[in-house]
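Enquirer: Below you'll find the structure I mean.
The values are calculated or read from the model by the stated rules, or taken from the named source; none is laboratory data. Quick caveat: nothing in here was measured; it's all calculated off a predicted structure. Cβ atoms come from the backbone with ideal geometry, glycine included; neighbour counts cover every protein chain shown.
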Amino acid sequence: MTFTSQRKVRFQHCDPAGIVFYPRYFELINSVVEDWFEEVVQHDFNQLHIESGTGVPTAAIDTQFHAPSRLGELLNFELTVQAVGRSSLDLKIVAYCGEQKRLTSCSTLVFMDLTSGKSMPWTDAIRQHITVDNL
């Protein structure tokens, strides 16, 4: 199942030329992941980070920028789960403006205990909501 989310390119995302400054894409990507955890995984970041003392930091990210995005455009982000490990999660996120692909990003998140800084197995409550889309 593909999770979709729309984001408007705002002034805060842009450089002086009015196009998205590439580090801002990573903030947009993270906001999509955060929404996916809340809406699909049924564990928002407050539950994970504050209440449970766990987190899902990005361990790896590989991103290709296909075309610039400009102030005022609407970007549609599509998130799919590529693989689930004992404590890791591989995601693919593709952003479009209309039919034009703007970026493709593949990342690995790791479920971890924030106190120890060590990875830990996904809880059953989280794992039950994660579906692999590429199989």
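Enquirer: For the range 43-82, name all the residues that are buried (at least 17 other Cβ atoms within 10 Å of the Cβ), hydrophobic (A, V, I, L, M, F, W, C) and within 18 Å of Arg10 (Cα to Cα).
Expert: Leu75, Phe77
Enquirer: I would also like to ask the following. Among the residues of the range 74-85, is any within 23 Å of Ile130 (Cα to Cα), of a type in the set (Gly, Ala, Ser) and not in a helix (DSSP H, G or I)?
Expert: Yes, the range 74-85 contains at least one residue that is within 23 Å of Ile130 (Cα to Cα), of a type in the set (Gly, Ala, Ser) and not in a helix (DSSP H, G or I).
Enquirer: Tell me, please, whether a residue that is assigned to a strand (DSSP E or B) and more than 17 Å from the chain's Cα centre (by Cα) can be found in the range 87-94. Walk me through it before giving the result.
Expert: Going through the range 87-94, the residues assigned to a strand (DSSP E or B) turn out to be 88-94.
Checking the rest, the ones that are also more than 17 Å from the chain's Cα centre (by Cα) come to none.
No, there is no match, as no residue in the range 87-94 is assigned to a strand (DSSP E or B) and more than 17 Å from the chain's Cα centre (by Cα).
Enquirer: If you go through the range 3-47 one residue at a time, how many are among the polar types (S, T, N, Q), farther than 16 Å from Cys97 by Cα and within 12 Å of the chain's Cα centre (by Cα)?
Expert: The total comes to 2.
Listed here are the residues, each with its yes/no results for (1) closer than 30 Å to Phe11 by Cα; (2) surrounded by 15 or more Cβ atoms within 10 Å (Cβ to Cβ); (3) modelled with pLDDT under 95.
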site: Val41; (1), (2), (3): no, yes, no
site: Gly85; (1), (2), (3): no, no, no
site: Ala95; (1), (2), (3): yes, yes, no
site: Met112; (1), (2), (3): no, yes, no
site: Ser116; (1), (2), (3): no, no, no
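Enquirer: Which pairs turn up if I take residues in the range 25-41 that are more than 19 Å from Leu71 (Cα to Cα) and look for partners that are part of a helix (DSSP H, G or I) and hydrophobic (A, V, I, L, M, F, W, C) with beta carbon separation below 8 Å, at least 6 apart in sequence or on another chain?
Expert: Glu34/Phe45; Phe37/Phe45; Phe37/Leu48; Glu38/Phe45; Val41/Ile126
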